[in-house]
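Structure first, then comments.
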Amino acid sequence: MANVLFIKANSRPIDQSVSVKLYHTFLESYQKAHPNDTVTELDLFKENLPYYNTNQINGMFKFSKQLELTEEEIVATEQVNHYLNQFLEADKIVIAFPLWNFTIPAVLHTYFDYLGQAGKTFRYTAEGPVGLLPEKKVALLNARGGVYSEGPAQASEMAVNYVKTLMNFWGIEDTTSIIIEGHNQYPERAEEIIEDGLNKATSLAVGF
């Protein structure tokens with residue numbers, strides 16, 4: 001039995017969002033194929049996490065050094081550790097997100113700010129930082145209306161590339177991506193493009 005964390009970073013309804021379609025397609029297929037696994041869903045827009053601020057920064061530093069915290073820092077640190085520990089306890093992680101303005105939604109960036117804790121997801125060494133989570137398995141589900149995998153727009157894609165960079169920084173090497181792209185750029189092929197991506201999500205979920 002595995003502990004699986006499903007993270008959704010899009011507030012739009014399923015009939016309006018391809019990345020949300022990807023999320024639910026993968027989730028349903030995974031649950032059918034792995035009925036005994038523990039699945040936790042995390043909707044970041046519903047969580048409405050506060051931006052990572054001074055109380056969180058100072059609180060987490062003091063917490064790691066076992067120093068006394070202010071009341072505000074205690075509250076902030078408890079919130080950060082809730083999401084951090086949830087992530088650390090997961091064996092597998094699925095993250096569904098769109099490409100918005102060339103990058104990820106702000107709620108997902110804020111969530112990653114909570115997770116990027118020295119001594120937890122990575123550590124500093126004399127040779128440079130080392131990731132601490134090599135045992136985890138991650139699936140990235142991304143949708144983008146234009147084509148960014150090749151051509152002139154490739155250098156502008158800072159969503160999947162950013163998330164992959166973070167995962168690698170934390171030592172996560174087992175990362176798989178399903179990307180649906182070009183459905184807005186080629187509306188005459190949109191249905192085919194989306195269906196093909198959803199079929200890939202269904203298949204990947206079975207073996208994930």
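Before moving on, here are some points about what is shown:
- ASN184-ASP113 FRET efficiency (beta carbon distance; Förster radius 41 Å; 0.05 resolution): 0.90
- Solvent-accessible area of ILE178 with every protein chain in place, 1.4 Å probe, in Å² to the nearest 10: 10
- For ALA139, the amide hydrogen comes within under 5 Å of the amide hydrogens of ILE93, VAL94, ILE95, THR176, counting only partners 5 or more places away or on other chains and with H modelled in the peptide plane.
- Potential lengthening between THR176 and PHE102 on full extension [0.36 nm per residue; Cα-Cα distance subtracted]: 24.6 nm
- The chain: C-alpha gyration tensor shape, a/c 1.5 cut-off, then a/b vs b/c: prolate
- Contact order relative to length of the chain, as percent, for alpha carbon pairs under 8 angstrom and 6 or more apart: 25
- Under the Karplus curve 6.51 cos²θ - 1.76 cosθ + 1.60, θ = phi - 60°, whole-Hz ³J(HN,Hα) for the range 2-11, x wherever Gly or Pro sits: 10, 9, 10, 10, 9, 10, 10, 10, 7, 8
- Averaged per residue, the range 94-208 has 49 square angstrom of accessible surface, using a 1.4 angstrom probe with ligands and nucleic acids left out.
- Sum of side-chain charges, THR175 neighbourhood, beta-carbon under 15 Å (Lys, Arg +1; Asp, Glu -1): 0
- Relative packing of peptides 102-111, 66-75 - highest average C-beta neighbours within 10 Å first: 102-111, 66-75
- Restricting the range 126-208 to GluC sites (Glu not before Pro) that sit in a DSSP loop and have at most 12 other Cβ atoms within 10 Å of their own Cβ leaves GLU127, GLU135, GLU150.
- Adding -39500 (n - 2.57) for every DSSP H run of four residues or longer, then dividing by how many residues the chain holds, sets the calculated 222 nm ellipticity at -13500 deg cm²/dmol.
- Environment charge at LEU69 (Cβ cut-off 13 Å; Lys +1, Arg +1, Asp -1, Glu -1): -3
- In order along the range 107-119, the phi-based Karplus estimate (6.51 cos²θ - 1.76 cosθ + 1.60, θ = phi - 60°) of 3J(HN,Hα) comes to 5, 6, 4, 4, 4, 5, 4, 5, 7, x, 10, 4, x Hz; Gly and Pro are listed as x.
- Rounded percent of accessible protein surface that carbon and sulfur make up, the chain, 1.4 Å probe: 49
- For the range 17-25, the Karplus equation 6.51 cos²θ - 1.76 cosθ + 1.60, evaluated at θ = phi - 60°, returns couplings of 10, 6, 5, 6, 4, 4, 4, 5, 5 Hz by residue, with Gly and Pro reported as x.
- Applying 0.36 nm per residue to the separation of TYR51 and LYS65 and subtracting their alpha-carbon distance, the gain on full extension is 2.8 nm.
- Database remark: amide H of LEU42 closer than 5 angstrom to the amide H of PHE6, ILE7, LYS8 (H placed geometrically; neighbours at sequence offset of 5 or more, or on other chains; Pro and chain starts carry no H).
The values are calculated or read from the model by the stated rules, or taken from the named source; none is laboratory data. Quick caveat: nothing in here was measured; it's all calculated off a predicted structure. Reconstructed Cβ throughout: ideal geometry from the backbone, glycine too, with neighbour counts over all protein chains shown. Protein only, heavy atoms only, side chains kept; ligands, DNA and RNA dropped before computing areas. Shrake-Rupley method; radii C 1.70, N 1.55, O 1.52, S 1.80 Å.
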